[in-house]
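**Student:** One structure follows; several queries about it will come next.
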Amino acid sequence: MACIRWQYPDPDSWSAIAAHMAQRKDPGLDVVSVVREILTRVRAEGDAALADCTARFDCPGFTTAMLKVPTASLAAALATDDATFQADMDIIKEAAANIRAYHQAQVQQSWWRPHADGSITGQLVRPVDRVGLYVPGGQGGETPLISSLLMNAIPAQVAGVAEIAVVSPPRKDGTLNPYILATAALLGIEEVYATGSAWAVAALAYGTQSIRPVDVIAGPGNLYVATAKQLLIGEIGIDMIAGPSEICIIAEDIPGRDLTRRAAWLAADMLSQAEHDALAAAVCISPSAALLDAVRAELERQCQALPRHEIATRCLKDFGALVQVPDLDTAAELSNRFAPEHLELAVADPWALLGKIRHAGAIFLGDHTPEPVGDYFAGPNHVLPTLGTARFASALGVDNFCKKSSVIATSPAFLQAHGDKIARFARLEGLEAHARAVECRNKDQAS
Ligand code: NAD
């Protein structure tokens, strides 16, 4: 199997690797003008545009009456009398509980600083009023992205958001996948609309006759969805622009542990991202040539057996890399340059190496923490910064659904003590009215 083999002896080798990986950023499709047109149309025509686009792309014969999924259908999906379905829902419930518990630890409290002169400053943390969540269609409803719904809805709920509206493209018969409906019911979400792509994002931002506008839109989607979110920044808040998935593994050969077996585990982890997308990236960095050779052999063996082997093979050919480095410090330095979405530390002392990691969306420690435990079940959010944005961005969390207001309550004593300084500051900037707003109070107090 084709897979890139690089040497990274020192930081000077980065520019060639960076130039190669930069090709993932631009899939070469110009969708901006198409999406702009869709946004304009939904703004002008509302529900009629949603029904027309949905009928054209997803469900022939779709009408505006089919947009809102009846609340009874959500409850009915959750109550389905099917043992396999209910067993699956038990797994989803357990995952939801783990995700909720993790995000509860992220909640930030409002805080207050009382001052000796009687003034108070502080910060008020409040949830946004209304959130729209995009749940991808998943190959025409065949592979429902249930975990996406959990990972987006739960932090919004933990933040205290009062209203959550979900949009997702319908299947050919106009319905949504029953797992999505049942999961929405499980989460207590009552507003679900069977419409997707850029037109659904536009509806959430502008509002239509059926869908009231939201303050924040979150959730992954294809290029049309991502572009619509990007074009609407400023009108509404968004979570982030999610690019193609990526995994970086720092691994070493550990004496006493079976190299071949560990290589099989690491190859499986690389393939877990490679199967997402031909533009995904799967990189393994190690000082051990023997380990990298074993990983390559395992990639070859395991990839062919995957149902999505064509996608995984294309990804590995273009963006699958095995990189040899002199030592673990250099491996950490290279990983920091990638700033990967997912980083695995498959080394003898992962907690020691963690101290050298500066940029990564989520970090998985040790041989027994494969990346998919984070995708579904452990609790942390799987919506993560990609394409190097972990240098400045974080996982989706409660904070994405909150905003903070500064609070200032100054006392007469404060104004007396500092009024002249504030007025002087204002006049330095040529803002006379600012200065007088302070001075008039001090003058009135003095008289
Ligand atoms: P989707 O809902 O994002 O896309 C399907 C919708 O796009 C449908 O409504 C379809 O009709 C519409 N569409 C298709 N062609 C179109 C065109 N030419 N113009 C306008 N609209 C068009 O669901 P999907 O297809 O399953 O795609 C999911 C995407 O989300 C994938 O690209 C996947 O990689 C990404 N994803 C990313 C993450 C992440 O965290 N980064 C997680 C999950 C999914």
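The values are calculated or read from the model by the stated rules, or taken from the named source; none is laboratory data. Just so you know, these numbers come straight off a predicted model, no measurement behind them. Every residue, glycine as well, gets a Cβ built from its backbone with ideal geometry; the counts of neighbours run over all protein chains shown. Remember, those area values only see protein heavy atoms, side chains included, never the ligands or the DNA or RNA. Shrake-Rupley method; radii C 1.70, N 1.55, O 1.52, S 1.80 Å.
**Student:** Filter segment 187-202 down to the residues that are more than 11 Å from the ligand (Cβ to nearest atom), open to solvent by less than 10 Å² (accessible area, probe 1.4 Å) and more than 21 Å from the chain's Cα centre (by Cα) and list them by number.
**Tutor:** TYR193
**Student:** Taking only segment 224-255 into account, find how many residues are in a loop (DSSP other than H, G, I, E, B), within 16 Å of the ligand (Cβ to nearest atom) and in contact with a strand residue (DSSP E or B) (Cβ under 8 Å, 6 or more places away or on another chain).
**Tutor:** As a first pass, look at segment 224-255 and keep what is in a loop (DSSP other than H, G, I, E, B): 234-235, 239-245, 252-255.
Cutting the leftovers down to within 16 Å of the ligand (Cβ to nearest atom) gives us 239-245.
When the remaining residues are screened for being in contact with a strand residue (DSSP E or B) (Cβ under 8 Å, 6 or more places away or on another chain), the result is 239, 244-245.
Adding up the residues that qualify gives 3.
**Student:** Report yes if ALA184 is open to solvent by less than 10 Å² (accessible area, probe 1.4 Å) and either within 10 Å of the ligand (Cβ to nearest atom) or without any contact (Cβ under 8 Å) to a residue 40 or more places away in the chain (or both), otherwise no.
**Tutor:** no
**Student:** In addition: With the condition kept exactly as written, say whether any residue in segment 159-172 is assigned to a loop (DSSP other than H, G, I, E, B), at positive phi and within 12 Å of the ligand (Cβ to nearest atom).
**Tutor:** Looking only at segment 159-172, we keep the residues that are assigned to a loop (DSSP other than H, G, I, E, B), and these are 160-162, 169-172.
Among the residues that remain, those that are also at positive phi are: 160.
Those still in the list that are within 12 Å of the ligand (Cβ to nearest atom) too: none.
Within segment 159-172 (the criterion being assigned to a loop (DSSP other than H, G, I, E, B), at positive phi and within 12 Å of the ligand (Cβ to nearest atom)), the answer is no, since none of the residues qualifies.
**Student:** Within segment 275-282, can one find any residue that is more than 14 Å from SER245 (Cβ to Cβ) and of a type outside the set (Lys, Arg)?
**Tutor:** No, segment 275-282 contains no residue that is more than 14 Å from SER245 (Cβ to Cβ) and of a type outside the set (Lys, Arg).
**Student:** Here's another thing I want to ask about it. Using the structure shown, decide if ILE233 is open to solvent by 40 Å² or more (accessible area, probe 1.4 Å), under 27 Å from VAL167 (Cβ atoms), in the same structural domain as GLY132 (by TED's automatic domain parsing) and β-branched (Val, Ile, Thr).
**Tutor:** Numbers: open to solvent by 40 Å² or more (accessible area, probe 1.4 Å): yes; under 27 Å from VAL167 (Cβ atoms): yes; in the same structural domain as GLY132 (by TED's automatic domain parsing): yes; β-branched (Val, Ile, Thr): yes.
Criteria met by ILE233.
**Student:** Next up: Going by the conditions given, is LEU396 within 16 Å of the ligand (Cβ to nearest atom), outside any helix (DSSP H, G or I), surrounded by 19 or more Cβ atoms within 10 Å (Cβ to Cβ) and at pLDDT below 95? It would help to see each step written out before you state the result.
**Tutor:** On the way: within 16 Å of the ligand (Cβ to nearest atom): yes; outside any helix (DSSP H, G or I): yes; surrounded by 19 or more Cβ atoms within 10 Å (Cβ to Cβ): yes; at pLDDT below 95: no.
In short, no.
Quick grid of which residues meet (1) among the aliphatic types (A, V, I, L, M); (2) over 24 Å from LYS68 (Cα atoms); (3) buried (at least 24 other Cβ atoms within 10 Å of the Cβ); (4) in contact (Cβ under 8 Å) with a residue 24 or more places away in the chain:
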{"position": "TYR206", "(1), (2), (3), (4)": "no, no, no, yes"}
{"position": "ILE217", "(1), (2), (3), (4)": "yes, no, yes, yes"}
{"position": "GLY221", "(1), (2), (3), (4)": "no, no, yes, yes"}
{"position": "GLY237", "(1), (2), (3), (4)": "no, no, no, yes"}
{"position": "ALA242", "(1), (2), (3), (4)": "yes, yes, no, yes"}
{"position": "THR260", "(1), (2), (3), (4)": "no, yes, no, yes"}
{"position": "ALA268", "(1), (2), (3), (4)": "yes, yes, no, yes"}
{"position": "ILE285", "(1), (2), (3), (4)": "yes, yes, yes, yes"}
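**Student:** Could you list, in sequence order, the residues of segment 33-65 that are within 14 Å of ALA200 (Cβ to Cβ) and of a type in the set (Ser, Thr, Tyr)?
**Tutor:** Within segment 33-65, THR54, THR64 qualify.
**Student:** Name every residue in segment 121-145 that is outside any loop (DSSP other than H, G, I, E, B), modelled with pLDDT of 95 or more and either near the ligand (Cβ under 9 Å from one of its atoms) or not basic (Lys, Arg) (or both), in order of residue number.
**Tutor:** Correct list: THR121, GLY122, GLN123, LEU124, VAL125, PRO127, VAL131, GLY132, LEU133, TYR134.
**Student:** Assuming LYS68 fulfils every condition listed in (1) in contact with a strand residue (DSSP E or B) (Cβ under 8 Å, 6 or more places away or on another chain); (2) away from the ligand (no atom under 16 Å from the Cβ); (3) modelled with pLDDT under 95 apart from one, which condition is it?
**Tutor:** (3)
**Student:** Now for a separate question. What tally of residues in segment 342-371 results from selecting those that are surrounded by fewer than 17 Cβ atoms within 10 Å (Cβ to Cβ) and within 16 Å of the ligand (Cβ to nearest atom)?
**Tutor:** Matching residues across segment 342-371 total 0.
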